[in-house]
Amino acid sequence: MKYLAIDSSLAHTGIAIGEILPDGSFTVEAIDLHETEKTKNKQVRASSDTIKRCRETYEFLQGYIRNIKPAIIFVETPSGSQSASGMKNYGVTCQLIAALYPEPIEVTPDEVKVAALNSKTASKRAMINWAYGKYPDLTWIWRTVKGQRNLQDNNEHMADAIAVVHAGVRTPEFKKLNHLFNERRTEEKI
């Protein structure tokens, strides 16, 4: 059964796509990154720009949902914020999650880091290195500086989406859902 895993924010949304196997293990077949930027046009209202960016992210995700028809969606839920900008991002992300169908299985940022590196304080670079180390054949974003090829920092969002899957399959919600899918597979074979 297909899955879509999402690490979303107003500026960056990383996704991972793959297949959940009957034993509960999974593949990671593709990753992608959608980025939005705040407009520099002073004639555009800040609220209108935010709405435009939200719509773009929503359409990006809905395009994948229409195309791959995931049986399961995993998402990283946002944690609290300490600024007005962070709170806006928190609200935007919660609304985006609420609009997804099928209803996603939610995991916290701590669960994501622990699933990947067994540490709640794992750095962004450590998450990128972990994901690349496990899945080097995916379409990572590279940058060459002075002849040195390096993974770019914005790979963080796709790395987190991969870790979202690793955390999601550990949840009781996933285990129950996977059990139901396996029962249905068995009944269809009979």
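Remarks
- Helix-only [θ]222 nm of the chain, DSSP H runs n ≥ 4, -39500 (n - 2.57) each, per residue, nearest 500: -15500 deg cm²/dmol
- Cα centroid of region 70-137 to Cα centroid of region 1-52, whole Å: 10
- 61, 151, reordered so the largest accessible area comes first (probe 1.4 Å): 151, 61
- Neighbourhood charge, 13 Å Cβ-Cβ cut-off, centred on residue 66 and excluding it, Lys, Arg +1 and Asp, Glu -1: +1
- Each residue of region 1-111 gets 101 Å³ once the volume of the Cα convex hull is shared out per residue.
- For region 9-64, the Kirkwood estimate of the hydrodynamic radius, built from every pair of different alpha carbons, is 13.2 Å.
- Karplus-derived 3J(HN,Hα) values for region 181-188, using 6.51 cos²θ - 1.76 cosθ + 1.60 with θ = phi - 60°, are 4, 5, 4, 5, 4, 5, 4, 5 Hz; glycine and proline are entered as x.
- Within region 136-190, the proportion of Cα pairs with more than 16 Å between them is 63 percent.
- Compactness check for the chain: Cα Rg over 2.2 N^0.38 Å is 1.08.
- Among the listed pairs 69/189; 113/189; 2/134; 38/124; 40/120, those whose Cα-Cα separation exceeds 28 Å are 113/189; 40/120.
- Cβ-derived FRET efficiency at R0 45 Å, residue 150 paired with residue 99, nearest 0.05: 0.80
- Residues 21, 4, ordered by accessible area of protein heavy atoms at a 1.4 angstrom probe radius and largest first, appear as 21, 4.
- Charged-residue dipole, Cβ positions (Lys, Arg, Asp, Glu), region 49-190 about Cα centre, Debye nearest 20: 380
- Rg ratio (alpha-carbon, reference 2.2 N^0.38 Å) - region 59-144: 1.26
The values are calculated or read from the model by the stated rules, or taken from the named source; none is laboratory data. This is a predicted model, so every value here is computed, not measured. Note that we place each Cβ from the backbone using ideal geometry, even for glycine, and neighbour counts take in every protein chain shown. To get the accessible areas, we keep the full protein, side chains included, count just its heavy atoms, and leave off ligands, DNA and RNA. Shrake-Rupley method; radii C 1.70, N 1.55, O 1.52, S 1.80 Å.
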